2 protein chains.
Amino acid sequence: MRPTTKDLAKAAGVSLATVDRVLNGRPGVRAETVEAVNAAIRRIGYERNISAANLARGRRYRLEFMLPSSGDQFLDTLVDRIEETRVAFAGEHTEVRHRRVLGNDPHQIAALLSGIGPQDADGIAIMAPETPQVRDATMRLIERGVKVVQFVSGQPGARRLDFVGVDNNAAGATAGRLMGKFCAHRPGRILVIADTMNARDNLERRQGFDAVLTRDYPGLQALPSLETHGDPGRTDRIVRAFFSNYSDIVGVYVLSSETRIALQAIDRAGHLAGRQAIAHERTSFNEQMLRAGTLDAIIAQNPGHLVRSAIRVLRSRCDGREPLASQEEIRIEILIRENLGHATG
Amino acid sequence: MRPTTKDLAKAAGVSLATVDRVLNGRPGVRAETVEAVNAAIRRIGYERNISAANLARGRRYRLEFMLPSSGDQFLDTLVDRIEETRVAFAGEHTEVRHRRVLGNDPHQIAALLSGIGPQDADGIAIMAPETPQVRDATMRLIERGVKVVQFVSGQPGARRLDFVGVDNNAAGATAGRLMGKFCAHRPGRILVIADTMNARDNLERRQGFDAVLTRDYPGLQALPSLETHGDPGRTDRIVRAFFSNYSDIVGVYVLSSETRIALQAIDRAGHLAGRQAIAHERTSFNEQMLRAGTLDAIIAQNPGHLVRSAIRVLRSRCDGREPLASQEEIRIEILIRENLGHATG
DNA sequence: AATACTTTGAGGTACGCACCTCAAAATTAT
DNA sequence: ATAATTTTGAGGTGCGTACCTCAAAGTATT
């Protein structure tokens with residue numbers, strides 16, 4: 001049987017009240033008594049029963065995800081995973097909600113953050129472009145006592161803010177390495193395409209991609225980033241122009257998580273066959289392209305892991321604990337046809 | 001506030017006792033009353049408080065991992081992860097132990113399993129070669145009321161037994177695809193090497209590897225499997241022989257999770273440079289080789305996920321619930337230098 | 001209508017812990 | 001030595017659920 005507080009009290013030679021004071025850091029206990037209790041904890045191997053503690057405490061974690069409303073399939077998957085964990089964590093005193101903020105307008109996001117306080121949520125995961133305004137609003141939110149993690153968009157480590165997501169520079173570098181190894185036999189140019197290059201994530205991926213290519217694969221030359229801006233017609237035209245200008249395009253790299261417009265334009269023009277193609281995120285569209293052999297590899301981050309990790313980090317912060325950095329590192333996954341498995345998650 | 005059983009009773013217009021009977025599937029409730037309670041559950045959004053339920057039930061899950069004692073670094077990592085989760089799950093009514101069984105002797109493993117009963121453990125994760133003897137002992141163990149999962153070694157889906165691990169055929173196919181794409185520019189032979197080909201896992205990997213190569217990369221020819229048998233001297237000799245017999249070896253594939261002897265022998269002979277090399281499992285040795293550029297890719301399964309998944313499956317079975325197959329699928333990970341990250345986990 | 005049987009209600013105890021109060025004991029200051 | 005203060009103990013309540021008992025109400029069988 002696992003030792004309880006009662007056993008601990010007996011072992012330490014004190015009363016339950018004193019054990020309670022020590023365990024919960026309440027005042028009014030002599031230093032030597034504290035030490036005696038701690039010694040007993042180690043001696044009998046006492047471990048707090050977290051479920052019982054939370055039950056008694058009536059503690060609840062109210063967490064919220066703030067996501068952009070304009071979204072691709074990757075974002076939809078994230079929302080699905082949030083809904084799943086909403087159910088899964090309900091039994092663990094954790095309420096998970098999500099909200100989709102209109103557009104990418106930093107003003108509006110900042111305004112929304114200003115309206116949030118400890119009465120609304122204990123922790124918030126924010127997926128938003130990191131502008132000075134958003135950043136300021138975030139800092140004030142934290143000062144008001146709300147825990148915050150930067151979600152998916154952001155930068156690991158660099159800031160004092162918690163970040164859950166992948167290092168996009170490394171993700172781009174991963175794509176670069178694969179492209180390099182896939183194309184090493186024939187020098188040529190690489191078409192790089194994205195929905196927009198205004199997003200910081202895309203810029204970082206591009207940087208990582210270029211770094212590997214220029215260092216290790218001098219035979220491959222990455223073309224300037226082509227932007228779709230979500231416009232199929234425009235994309236069709238530019239793609240055609242690029243392929244008629246450059247006859248030696250050997251690979252295609254889609255930077256952004258929105259891949260559909262880009263890939264379909266290239267495919268329509270008949271330019272995908274025989275070329276290496278790499279894209280980001282495991283969306284059903286990308287998965288289909290990979291199975292069909294149109295895409296050669298997908299660089300992905302697991303949406304389920306992202307969501308659960310953000311929740312764990314926020315809960316740790318709510319408890320005043322430091323999250324386990326090693327456990328919360330999100331992997332950059334490489335998917336090819338053979339390791340796709342069955343589930344999308 | 002979240003609805004409790006009390007609220008549920010009121011909403012359903014029945015007593016707490018009846019609610020309890022319905023929730024816990026106890027007999028003595030009319031079918032229409034059951035339906036009324038279920039309707040109320042959906043209506044008010046009642047969700048069982050798992051912590052409170054477990055507390056009241058006083059339930060404990062005693063789980064045990066049975067692992068081979070002779071082991072490579074991968075096995076050591078598994079043990080480390082088990083120890084970690086031992087602590088992490090202690091607060092969730094779950095005791096996790098592990099035992100390392102001497103050798104790979106099926107007799108001994110079977111004998112050991114015969115000695116285990118419900119008084120020792122509620123669930124066991126077994127990592128052992130699947131011989132008829134072991135299989136029989138496992139089935140009898142299950143009949144005695146102990147839940148069992150096949151761990152790492154085994155086959156997904158095919159059996160009625162739960163399995164936690166990757167599909168080794170797919171893992172081999174993944175290696176095959178990568179090798180194919182990495183070497184597509186120069187036809188030649190692939191050296192395939194393992195500690196032993198008596199292990200079923202290794203056979204399956206080989207099968208998957210060959211299937212992809214013969215189908216999609218006819219220019220590449222995989223040589224017969226070379227076995228190290230854990231003997232560096234012997235390995236040195238065979239490796240030399242192979243490389244002098246075949247001058248067109250363009251790639252090396254190490255099947256087994258024990259990679260050290262094989263890779264060091266080839267490296268010593270100076271035959272790794274300029275060739276594509278792929279191995280299995282993220283051991284510190286493999287990681288080092290990958291960072292050094294000696295290895296080109298690692299096919300891995302995440303030890304932490306393996307352990308936690310096995311625990312979740314066993315707990316589900318102990319509760320008489322069906323585990324969520326989609327959540328428990330272990331990913332076949334592809335690691336290259338750029339997506340290694342920091343932690344080994 | 002009497003009997004047997006099924007279904008339901010009321011109420012209690014327990015799980016391990018948090019958090020509270022009040023009084024008793026021990027220690028320190030005067 | 002007495003007063004003031006700190007430290008400790010004893011005891012209680014409640015969190016949400018499981019599981020038990022016993023009696024009351026309902027239904028089916030003869």
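The values are calculated or read from the model by the stated rules, or taken from the named source; none is laboratory data. Keep in mind it's a predicted model, so treat the numbers as computed, not measured. Neighbour counts are summed over all protein chains in view; Cβ atoms, including those assigned to glycine, are modelled from backbone coordinates with ideal geometry. Keep in mind that these areas ignore ligands, DNA and RNA; they rest on the heavy atoms of the full protein, side chains included. Shrake-Rupley method; radii C 1.70, N 1.55, O 1.52, S 1.80 Å.
So, B:A53, is that one under 39 Å from the mean Cα position of the chain (by Cα), outside the structural domain of B:D319 (by TED's automatic domain parsing) and near DNA strand D (Cβ under 7 Å from one of its atoms) or not? Criteria met by B:A53. Whenever a residue of segment A:127-144 is polar (S, T, N, Q), its partners that are assigned to a helix (DSSP H, G or I), lying with C-beta atoms within less than 6 angstrom and at least six residues away or across chains, give the pairs A:T131/A:P106; A:Q133/A:P106; A:Q133/A:A110. All of B:G270, B:G341 fail the test of being in contact with a helix residue (DSSP H, G or I) (Cβ under 8 Å, 6 or more places away or on another chain) and surrounded by fewer than 18 Cβ atoms within 10 Å (Cβ to Cβ), apart from B:G341. If you go through segment B:128-153 and keep only what is out of contact with any Lys or Arg (no Cβ under 8 Å at 6 or more places or on another chain), assigned to a loop (DSSP other than H, G, I, E, B) and surrounded by fewer than 23 Cβ atoms within 10 Å (Cβ to Cβ), you end up with B:T131, B:R144, B:G145.
In segment B:53-83, what residues are at the interface with chain A (Cβ under 9 Å from one of its Cβ atoms) and open to solvent by 30 Å² or more (accessible area, probe 1.4 Å)? Even if it seems obvious, please write down each step before you answer.
At the first step, the residues of segment B:53-83 found to be at the interface with chain A (Cβ under 9 Å from one of its Cβ atoms) are B:53-55, B:60.
Scanning segment B:53-83 gives B:L55, B:R60.
If you filter segment B:8-22 down to residues that are within 14 Å of B:A39 (Cβ to Cβ) and near DNA strand D (Cβ under 9 Å from one of its atoms), you find that the one that is surrounded by the fewest Cβ atoms within 10 Å (Cβ to Cβ) is B:L8.
Of all residues in segment B:23-50, those being within 18 Å of A:V87 (Cα to Cα) and either within 9 Å of DNA strand D (Cβ to nearest atom) or among the hydroxyl-bearing types (S, T, Y) (or both) number 6. Condition check for A:T94 on (1) under 30 Å from A:G154 (Cα atoms); (2) open to solvent by 30 Å² or more (accessible area, probe 1.4 Å): one failure, at (2). When restricted to residues that are open to solvent by 20 Å² or more (accessible area, probe 1.4 Å), within 14 Å of another protein chain (Cβ to nearest Cβ) and of a type outside the set (S, T, N, Q), segment B:205-230 contains 6. Among the residues of segment A:301-329, those that are within 10 Å of chain B (Cβ to nearest Cβ), outside any helix (DSSP H, G or I) and either closer than 24 Å to A:A90 by Cβ or small (G, A, S) (or both) comprise A:N302, A:L324, A:A325, A:S326, A:Q327, A:E328. Scanning segment A:164-172 for residues that are in contact with a strand residue (DSSP E or B) (Cβ under 6 Å, 6 or more places away or on another chain), within 11 Å of chain B (Cβ to nearest Cβ) and outside any loop (DSSP other than H, G, I, E, B) turns up at least one hit.
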